């Protein structure tokens, strides 16, 4: 789980240890990065703030009781909301050509928020998939696992596991001097540890591969259940609820594949090759560029999560549609007033 940006650091550690790589500049692509990344993360910041703030407001201010799904979704939205706190600093960091001006402590906290969002998101998406699986395939026998008290404990366990896995980041300096820059969240100092690639492969397996298998398994089981239900009765309220549950897991699976798969597969393939030979400067540069892109995709998950809320929470969907209708009505009324004023002036 701590494999995230840490992989970047191992590559640079290799560059510093190997004599023929000591002068390797992995920031050769920064001209495009200092333009594209601030724009990208600004868009992510705006969408994340609006979408996740709205879902927290709708759920917490709503009159309906909390159920298992809404509790998991609140925690997912909270994770995304915390992540947005780190974005302004990262935007400034990229604008300043990978130069961090805020000191080591804030750099460590930013790193913590980045990884907490990633792996808390993976954890709660997995929990939502399992919750939908239990609701559909074991609606009576295992309902105790979907009680509010049990779900709250599961959420606490997820947060505790995430914190335990990323807490060591607080005890390492996240700043590194590189060609006159103070880079943040780019390198760790693993002191040339030969076990680091193996640890990162293990982390990717536990934190990514296992949840992905669980989510795919839940989606497949629910699909089989839907087919069986469709043969018996094609149009029922129960069937509609089942299809909604299937849609939720499908959205989770797509978000998982789009956001988290490129990064972790990139890490897995690079660490697998690194076990057998030291990467060349060209390989380091290629990995650095691909890592920046895949990390951006991974951070994009907080923009896709509100789409899951839209289909999972009826009150959230109604609230979004109401706001949209109010906006269209206000826009239409404003246009009409403007047109009336123009005609009266003429």
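Every number in this text was worked out from the coordinates using simple rules, so none of it is lab data. Here the structure is a predicted model, which is why all the values come from computation and not from measurement. Methodologically, a virtual Cβ is constructed for each residue, glycine included, from the backbone with ideal geometry; neighbour enumeration extends over all protein chains shown.
At a glance:
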| item | result |
| --- | --- |
| Most to least packed among 285-291, 98-104 [average Cβ atoms within 10 Å] | 285-291, 98-104 |
| Inter-centroid distance (Cα atoms) of region 42-79 relative to region 82-151, Å | 12 |
| Likely footprinting exposure, 115, 310, fewest C-beta neighbours within 10 Å first | 310, 115 |
| Residue exposure sequence - 255, 205 - by fewest surrounding Cβ within 10 Å | 205, 255 |
| Pairwise Cα inverse-distance average, inverted: Kirkwood Rh of region 193-321 (Å) | 17.4 |
| Potential lengthening between residue 216 and residue 148 on full extension [0.36 nm per residue; Cα-Cα distance subtracted] | 22.0 nm |
| Region 307-325 versus region 201-221: alpha-carbon centroid distance in Å | 29 |
| Protection proxy ranking of 85-96, 163-174 - average other beta-carbon atoms within 10 Å, highest first | 85-96, 163-174 |
| Hull-based mean projected area of region 104-177, where the convex hull spans the alpha carbons, in square nanometres | 5.5 |
